[in-house]
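Notes to accompany the following structure.
The values are calculated or read from the model by the stated rules, or taken from the named source; none is laboratory data. Predicted model only: the values in this text are computed from it and were never measured. All Cβ positions, even for glycine, are placed from backbone atoms using ideal geometry, and neighbour counts span all protein chains on display. Side chains included, ligands, DNA and RNA excluded: accessible areas come from the protein's heavy atoms. Shrake-Rupley method; radii C 1.70, N 1.55, O 1.52, S 1.80 Å.
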Amino acid sequence: MTASLEVSRLAYAYPDGTQALFGVDLRIERGERVALLGPNGAGKTTLVMHLNGILTAGHGTVSVAGLPVAKGSMQEIRRRVGLVFQDPDDQLFMPTVREDVAFGPANLGVRGEELQQRVKDALERVGMLEAIDRPPHHLSFGQRRRVAVATVLAMEPEILVLDEPSSNLDPASRRELAEILRSLDVTVLMVTHDLPYALELCERSLILSGGVIAADGPTREILSDAGLLAAHRLELPYGFTVGRGEET
Amino acid sequence: MGAGHHHQLYRAGDTLVHRLPPQCKLAAVAAFAMAVVATPREWFAAFGTYALLLAGVVLLARIPPGFVLRRMAIEIPFVVFALAIPFVGTGERVSPLGLSLSLPGLWAAWNILAKATLGVVASIVLAATTEPRLMLLGAQRLRLPPMLVQIAMFMLRYLDVIMDEMRRMRVARESRGFTARDVRHIPVIARSAGALFIRSYERGERVHLAMLSRGYTGSMPVIQDLTASARQWLLAGTLPGAALAVLLGTALFGTGGVGA
Ligand SMILES: Nc1ncnc2c1ncn2[C@@H]1O[C@H](COP(=O)(O)OP(=O)(O)O)[C@@H](O)[C@H]1O
Ligand SMILES: [Mg+2]
């Protein structure tokens with residue numbers, strides 16, 4: 001079976017010369033939920049931008065469900081990879097929730113009744129259907145993030161990529177978002193440094209550090225390896241411990 | 001958040017006028033304004049009829065007259081300007097109540113006031129019955145330059161966000177003991193404005209990335225189909241149609257007013 005996402009030997013330097021990625025290899029199977037952990041400046045956002053061709057690889061390849069990211073395949077790649085940005089105000093740029101969720105599928109040529117249905121389905125899945133005709137800036141931060149998830153779900157992506165989904169959320173919104181993410185049956189790659197959130201949602205974790213994948217394994221194992229975490233500037237919240245293997 | 005200050009022109013309702021597609025209303029108001037501007041200033045009766053026509057639309061849209069009057073405040077600078085003309089104007093002079101006023105100046109003032117007032121009221125009615133975003137969709141349908149329409153769309157969406165950022169920056173300044181009192185503080189305000197510009201610019205870049213990520217290729221996709229029926233166009237055409245009839249009728253039969 002082809003992987004949902006396959007990245008091999010991906011390297012990238014910004015135009016100013018900053019080398020952000022030094023050869024990233026990773027493979028995510030269909031239906032997996034994977035956390036991408038890493039300290040600030042590790043290159044997480046840079047990697048994410050490669051997944052749908054916003055940045056083009058200096059070296060190496062990215063392919064989504066077998067389709068390589070390349071100039072000619074951009075529209076299809078962007079349908080397959082649903083990117084949820086860190087700040088929902090960047091993601092929600094249309095005057096109403098309905099128009100915002102419709103924006104992606106409309107760009108793919110979906111029109112009329114089918115478009116409306118997709119919008120409703122996507123909002124239903126994140127529990128925001130009742131906000132359909134409201135302007136995004138009248139919603140709470142947590143609600144905006146859920147709508148941001150809906151905007152990419154409406155494109156029926158192969159893989160959902162979230163950049164810091166739990167940042168700035170209060171505990172209740174954080175839990176609600178977790179429930180939503182767990183209820184979706186899509187492949188998820190979640191970028192975060194919220195380690196408990198990764199443990200809660202993802203069976204597998206990767207550590208990106210210094211522009212390479214430094215660790216790859218079951219989340220529980222990675223989070224119980226204090227030495228590994230410390231080596232990559234990752235810390236569990238005060239008082240939080242993860243037992244290796246056995247239930248806690 | 002400074003939610004909705006710029007939406008207060010709109011007044012929700014479900015009347016015939018509210019339901020008309022926005023492009024019909026936009027075109028109607030533009031045509032009406034052209035008829036008003038084309039009317040010679042001496043045709044008092046014609047202006048009177050235009051005012052009655054607008055009053056009819058206000059009634060039909062169930063907009064309280066006070067709502068329109070309060071929003072007419074936007075016209076005050078023009079009124080002040082117009083009122084000054086008879087005092088500073090040249091030419092033949094008249095002196096009612098012991099004031100020395102220029103006659104051509106009086107005509108010029110009347111011309112500006114009458115036409116501006118009609119135009120402003122028509123625009124207020126349009127804005128009161130059309131949601132801002134629909135107005136923009138209407139403009140898009142009328143093939144106004146897409147770049148301008150998109151810019152306006154983003155302004156509509158991000159005005160609150162930017163106002164909020166501005167407010168946060170002011171709070172940050174003031175919580176460090178700064179309050180703008182006199183001209184010496186202008187450089188500080190200017191630096192804040194610069195920072196705000198950079199922030200907004202960076203946001204613009206991020207929004208652009210978000211748009212690209214969802215398949216944007218340079219033009220806004222059609223999301224809401226706003227086709228207008230011939231009946232709706234006809235209905236919207238009533239206002240400019242009637243104004244045009246008055247204009248042409250007066251031109252042909254000369255029942256306009258003192259000067260005709
Ligand atoms: N636009 C840019 N130009 C130059 N360097 C950048 C740019 N964006 C990020 N970087 C650099 O690339 C590295 C990785 O950044 P980023 O991918 O944003 O990390 P993360 O998301 O993991 O915090 C950092 O050293 C950062 O300073
Ligand atoms: Mg980042």
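Brief remarks follow.
- Options B:LEU99, B:LEU53: the member that is among the hydrophobic types (A, V, I, L, M, F, W, C) and surrounded by 13 or more Cβ atoms within 10 Å (Cβ to Cβ): B:LEU53
- Segment A:146-177, subset part of a loop (DSSP other than H, G, I, E, B) and either within 13 Å of another protein chain (Cβ to nearest Cβ) or under 16 Å from A:LEU108 (Cα atoms) (or both), residue nearest to ligand 2 (Cβ to nearest atom): A:PRO157
- Residue within segment A:219-241 that is surrounded by fewer than 22 Cβ atoms within 10 Å (Cβ to Cβ), within 26 Å of A:GLY66 (Cα to Cα) and away from ligand 2 (no atom under 15 Å from the Cβ) present: no
- Single unsatisfied condition, B:GLY257 versus (1) at pLDDT below 85; (2) more than 14 Å from every other protein chain (Cβ to nearest Cβ); (3) in contact with a Ser or Thr (Cβ under 9 Å, 6 or more places away or on another chain); (4) part of a helix (DSSP H, G or I): (4)
- The set of residues from segment B:204-220 being buried (at least 19 other Cβ atoms within 10 Å of the Cβ) and more than 7 Å from chain A (Cβ to nearest Cβ) comprises just one member, B:MET220.
- Subset of segment A:25-49 that is more than 11 Å from ligand 1 (Cβ to nearest atom) and among the hydrophobic types (A, V, I, L, M, F, W, C) - its residue that is nearest to A:ASP163 (Cα to Cα): A:ALA35
- Only one entry of B:VAL246, B:VAL188, B:VAL171 meets the criterion of being on the phi < 0 side of the Ramachandran plot, away from chain A (no Cβ under 13 Å) and surrounded by 16 or more Cβ atoms within 10 Å (Cβ to Cβ), and that entry is B:VAL246.
- Meets criteria (crowded, with 17+ Cβ neighbours inside 10 Å, within 16 Å of ligand 2 (Cβ to nearest atom), at pLDDT 95 or above and assigned to a strand (DSSP E or B)) for A:ILE213: no
- Those residues of segment A:36-77 which are within 13 Å of ligand 2 (Cβ to nearest atom) and farther than 21 Å from A:TYR14 by Cβ, in sequence order: A:LEU37
- Note on segment A:40-136: enclosed helices (runs of 4 or more DSSP H) holding 3 or more residues that are hydrophobic (A, V, I, L, M, F, W, C) are A:44-51, A:97-107, A:112-125.
- Taking residues in segment A:13-28 that are without any contact (Cβ under 8 Å) to a residue 60 or more places away in the chain, and partners anywhere that are more than 8 Å from ligand 1 (Cβ to nearest atom) and small (Gly, Ala, Ser), the pairs with Cβ atoms closer than 9 Å and at least 6 places apart or on different chains are A:ALA13/A:GLY58; A:ARG27/A:ALA3; A:ARG27/A:SER4; A:ARG27/A:SER8.
- Hits in segment A:34-67 - residues which are within 17 Å of A:MET1 (Cβ to Cβ) and open to solvent by 20 Å² or more (accessible area, probe 1.4 Å): A:SER63, A:ALA65, A:GLY66, A:LEU67
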